Each structure stands twice: as structure tokens, then as C-alpha cells.
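Quick notes on the structure that follows.
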Amino acid sequence: MSKLLVAATGLVAATALTFGGTGTQAASTTLLPAGHSFAAKLTGKATFVAGSTTMTCTVSASAPTTGANNQVPAAPANHNDAGPVSATINPPTFSGCSTSIAGVSVTVTANSANGAWTLSAQNGAPAAGGFTIPKGGVVLKTSGFASCTITASPAGPTAVNGTWTNGAPSALAISGAPVPATVTGGFLCPTGNQSATFTATYQITDTTDPAQQITVTG
């Protein structure tokens, strides 16, 4: 049963958010349109996998509310001569989640209790993108055959990196990103430090003017 919840442990890579470019200096980046609000919405499924065990969520999104979250920085902060451009976002919601183990259900809750979530983009070929999650920013709880609590990003801010594609809408695709977590619970739970992979694609849409697109350029 030690494999029971390993797949549910993943959301964030245990590394600083680093985007490429070639050579020793990252390419300049501009995120457009400056000052516009945006939403990130899952398309397809988000999967957390370890070995033969999988957790799947069918709904996930981060949408603007009030304040400055989910907003492209105003000019000139939407441009970086030598690296990514970042924007704080509201913690994403997750629902429609299930595990590949019969008799075990799971709920996923994201929070910003220990710091901000961010979305970052880096110009390049291909362009890169990712989410940075604060310490303890995702908590997964299982019920049924086993009751366990899985805390992602237990040691501090961590990241999930992927590829950004400009389009209508633009997309952030994350494929098999390594992730850390800590598991607590009863004797059926794989307690201690765990690792898994995370795969998902989010559509990034302009909510200030739906006729425009959130794009990454130089």
C-alpha cells in the first residue's frame, strides 16, 4: 500500500524557477498586453504520477478577482532585458479529482498562506513558462480506504516549469515536471518525503479584452 498516495504528492518542482535562453544570459522578455488581467484554465486533465499510481483532476483554474493578482505588469515592468517576466496569481482551484486506487478519493486545496503564487514567462525558442508555488501552497487530503495529508512544496517556494506557446488562446504546457511533497497520516500512508511528476496544459486568456491574447515576445 505504500504506493497508494505517492501520485497525489506532486504539484511543484523543488528548484528555483529558472528559464532558459542560450549562452550565459537569458533572452529579453516582454509579456503583453501590459496591464491586462488574465485567467489560467486547465484544458484536458492534470495528472500526478508516481510509478503505476495516478491522481487525475479534470478542473483547475486561476482567475482574477480584485486587486493586482492575475494581471500582466504595467509597462515598463512587463519587460525584462535579461530574464522572465512574472505576475502574481490567485491560488488555482482543483476539482473533479480521483485516484487510480479503488476506494480512495482525494481533495486538493491551494493556498497563499506563506507567500504568493506567480506565473512567469521567458522569451525563447521555445518560450518557457511556469508556476511558482509558495511553501505549503498545495494540500491534498485523501479519504476512504486511507486518510492521508500530502503537503506540496514543504521546504519553501518551488516551481513547475513548462513551455509557453503564443496562440488564441496562448498555452502553458507542463510535462512530467518533478515534484516534492511530505506525507502524514495513518499506517496505510507512505509517510515522509515523496516525489512524483506533474503534467497539465493551461490556456491563458485575456479577461480585460477577450479579443486580445496574452503573448510572450522579446
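S100 falls short on exactly one of the conditions (1) open to solvent by 40 Å² or more (accessible area, probe 1.4 Å); (2) at pLDDT 95 or above, and that condition is (2).
For A46, indicate whether it is surrounded by 21 or more Cβ atoms within 10 Å (Cβ to Cβ) and small (G, A, S). Steps first, please.
Values: surrounded by 21 or more Cβ atoms within 10 Å (Cβ to Cβ): yes; small (G, A, S): yes.
Taking the combined requirement at face value, the residue satisfies it.
May I ask you to say which residue of Q212, Q194 is touching a strand residue (DSSP E or B) at 6+ places or on another chain (Cβ under 7 Å), open to solvent by 50 Å² or more (accessible area, probe 1.4 Å) and not hydroxyl-bearing (S, T, Y)? Show your work before the answer.
On the way: Q194 fails: open to solvent by 50 Å² or more (accessible area, probe 1.4 Å).
Q212 is the lone residue from the list that is touching a strand residue (DSSP E or B) at 6+ places or on another chain (Cβ under 7 Å), open to solvent by 50 Å² or more (accessible area, probe 1.4 Å) and not hydroxyl-bearing (S, T, Y).
For A87, the criteria (1) open to solvent by less than 10 Å² (accessible area, probe 1.4 Å); (2) modelled with pLDDT under 95 hold in every case but one, which is (2). Is at least one residue of the stretch 40-51 in a strand (DSSP E or B), free of Cβ contacts under 8 Å to residues at least 60 places away in the same chain and either closer than 18 Å to A200 by Cα or of a type in the set (D, E, K, R) (or both)? There is no residue in the stretch 40-51 that is in a strand (DSSP E or B), free of Cβ contacts under 8 Å to residues at least 60 places away in the same chain and either closer than 18 Å to A200 by Cα or of a type in the set (D, E, K, R) (or both).
Search the stretch 178-191 for residues being open to solvent by 10 Å² or more (accessible area, probe 1.4 Å) and outside any loop (DSSP other than H, G, I, E, B), and hand back the single one that is farthest from L31 (Cα to Cα). Of everything passing the filter in the stretch 178-191, G185 is farthest from L31 (Cα to Cα). Inspection of the stretch 122-141 identifies at least one residue that is in a strand (DSSP E or B), touching a residue at least 24 places away in the same chain (Cβ under 8 Å), touching a strand residue (DSSP E or B) at 6+ places or on another chain (Cβ under 8 Å) and open to solvent by 40 Å² or more (accessible area, probe 1.4 Å).
Within the stretch 69-95, can you find the residues that are over 28 Å from K45 (Cα atoms), in a loop (DSSP other than H, G, I, E, B) and without any contact (Cβ under 8 Å) to a residue 60 or more places away in the chain?
P73, A74, A75, P76, A77, N78, D81, A82
Applying the selection to the stretch 57-105, what residues are in contact with a His (Cβ under 9 Å, 6 or more places away or on another chain) and on the phi > 0 side of the Ramachandran plot?
Here is the first cut: in the stretch 57-105, the ones in contact with a His (Cβ under 9 Å, 6 or more places away or on another chain) are 71-73, 85.
Within the stretch 57-105, no residue meets the criteria.
Residue pairs whose Cβ atoms lie under 8 Å apart, sitting 6 or more positions apart in sequence or on different chains, and linking a residue in the stretch 188-199 that is of a type in the set (A, V, I, L, M, F, W, C) to a partner that is in a loop (DSSP other than H, G, I, E, B) and open to solvent by 40 Å² or more (accessible area, probe 1.4 Å), are L188/M1; L188/F145; C189/S147.
Scanning the stretch 142-167 for residues that are open to solvent by less than 40 Å² (accessible area, probe 1.4 Å), farther than 20 Å from I89 by Cβ and among the small types (G, A, S) gives a single hit, A146. Among the residues in the stretch 180-187, are any hydroxyl-bearing (S, T, Y) and closer than 30 Å to T215 by Cβ? Among the residues of the stretch 180-187, not one is hydroxyl-bearing (S, T, Y) and closer than 30 Å to T215 by Cβ, which makes the answer no.
So for the stretch 70-88 (the condition being within 30 Å of G185 (Cβ to Cβ) and within 17 Å of the chain's Cα centre (by Cα)), does at least one residue qualify? Walk me through how you get there before you give the answer.
As a first pass, look at the stretch 70-88 and keep what is within 30 Å of G185 (Cβ to Cβ): none.
No, every residue in the stretch 70-88 fails to be within 30 Å of G185 (Cβ to Cβ) and within 17 Å of the chain's Cα centre (by Cα).
Pull up the stretch 52-84, narrow it to residues that are under 23 Å from T30 (Cβ atoms) and touching a Pro at 6+ places or on another chain (Cβ under 7 Å), then point me to the one that is most open to solvent (accessible area, probe 1.4 Å). Taking the candidates together, the pick is Q71.
The values are calculated or read from the model by the stated rules, or taken from the named source; none is laboratory data. All values derive from a computational prediction rather than experimental measurement. Every residue, glycine among them, receives a Cβ derived from its backbone with ideal geometry; neighbour counts consider all protein chains shown. Calculation scope for accessible area: heavy atoms of the full protein, side chains included, ligands and nucleic acids excluded. Shrake-Rupley method; radii C 1.70, N 1.55, O 1.52, S 1.80 Å.
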